[in-house]
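Since the structure comes first, as structure tokens, the remarks are kept for the end.
The values are calculated or read from the model by the stated rules, or taken from the named source; none is laboratory data. Because the structure is predicted, anything quoted here is derived from the model rather than measured. Quick reminder, even Gly has a Cβ in these numbers, built from the backbone with ideal geometry, and neighbours come from all protein chains shown. Ligands, DNA and RNA are excluded from the accessible area calculation, which covers all protein heavy atoms including side chains. Shrake-Rupley method; radii C 1.70, N 1.55, O 1.52, S 1.80 Å.
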Amino acid sequence: SGRAHVLGNADALVTVEEFVDLQCPACAASAQYTAPALKPFIDAGKVRIITYHLPLPFHEQALDGAMFAECASDQRPGGFYAAHDALLLRQSEWTSASTLRGGLAKIADDLKLNGPQVMACYDAGPYVNTISHGVKEAMRRQVRATPTYFINNVEYRGALQPAKVGQVLRDAITGDRAPAPAGPLWKKQLNDTLRNR
């Protein structure tokens, strides 16, 4: 079994589920643009985020980032999301094999975590099940790309523009629903792909 990380009010009207690869450039863009647009809704108690790991096989350090973030969560409340954000925003510091250990240790220090404890946890790797849990959940839902969001069970792929985040969340909070798309399903799917590229 694994654990999922939750940020925000458990009784929030809107649940945003995030599938993240901490080495993925689009996830870094999302941390820069999408996350700040979500924050006011989280702070107001209207939105909660559930985060699942989806380290993609062609990102060789993505698993390292996932394990490090899990180990950071042991250190203090909110440790996981502090590490999640730092890893995404500072990818250039830790995502090559040569800078991996030094980069992770520096992020631990900058986050005021106990660096030796975090790195000892990272070396021991106790959170394999938690990382696997995210991957299995992604397979169950046929999620293949990161970042992918589900906002009240509606799927959105890629980093969302701040204006789009605000609109989707406001509609979800007020219960407004977009009208059903006209035309065949393949056209909607293709339009979604084109909009989210």
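Among Q142, Q75, Q61, which one moves the most in a GNM of the chain with springs linking Cα atoms closer than 10 Å?
Q142
What residue among L111, L169, L88 shows peak mean-square fluctuation when the chain is described by a Gaussian network model with Cα springs under 10 Å?
Residue with maximal mean-square fluctuation among L111, L169, L88: L111.
Mind telling me which of C24, C71, C121 comes out most flexible in a GNM of the chain, alpha-carbon contacts under 10 Å?
Looking only at C24, C71, C121, the largest GNM fluctuation is found for C121.
Helix-only estimate, please: 222 nm mean residue ellipticity of the chain, summing -39500 (n - 2.57) across DSSP H runs of length 4 or more and dividing by its residues, to the nearest 500.
After summing the helix terms and dividing by residue count, I get -16000 deg cm²/dmol.
Output the antiparallel fraction of DSSP beta bridges having both residues in the chain, as a percent to the nearest 5.
The antiparallel proportion sits near 65 percent.
Give me the percent of accessible area attributable to carbon and sulfur for segment 82-130, probe 1.4 angstrom.
For segment 82-130, the apolar C and S fraction of the accessible surface comes to 55 percent.
Helix 162-174 versus the longest principal axis of the chain: what is the Cα-based angle in degrees, 0 to 90, to the nearest 10?
Approximately 70 degrees, to the nearest ten.
Gain in length, Q142 to T174, computed as 0.36 nm per residue apart minus the alpha-carbon separation, to one decimal in nm? Before the final figure, lay out the partial values.
Details: separation 32, 0.36 × 32 = 11.52 nm, distance 2.86 nm.
That works out to 8.7 nm of additional length.
What nm value, rounded to one decimal, do you get for the distance between L190 and R101 when each label is placed 7 Å out toward the C-beta?
For the pair L190/R101, the computed spacing is 5.2 nm.
Work from the charge dipole of segment 39-197 (Cβ charges, +1 for Lys and Arg, -1 for Asp and Glu, about the Cα centre) and give the residue of A124, L194, L88 farthest towards its positive end.
Checked the options; the winner is L194.
Any chance you could look up the accessible area of L190 with a 1.4 Å probe, heavy atoms only, rounded to 10 Å²?
For L190, the solvent-accessible surface is approximately 90 Å².
Helix 62-73 against the longest principal axis of the chain: what's the angle in degrees, Cα atoms only, rounded to the nearest 10?
Approximately 80 degrees, to the nearest 10.
Which residues' amide hydrogens lie under 5 Å from the amide hydrogen of G158, considering only partners 5 or more residues apart or on another chain, with H built in the peptide plane?
T148, Y149
What is the helix-to-structure angle for 185-195, meaning the angle in degrees between its Cα long axis and the longest Cα principal axis of the chain, kept from 0 to 90 and rounded to the nearest 10?
50 degrees
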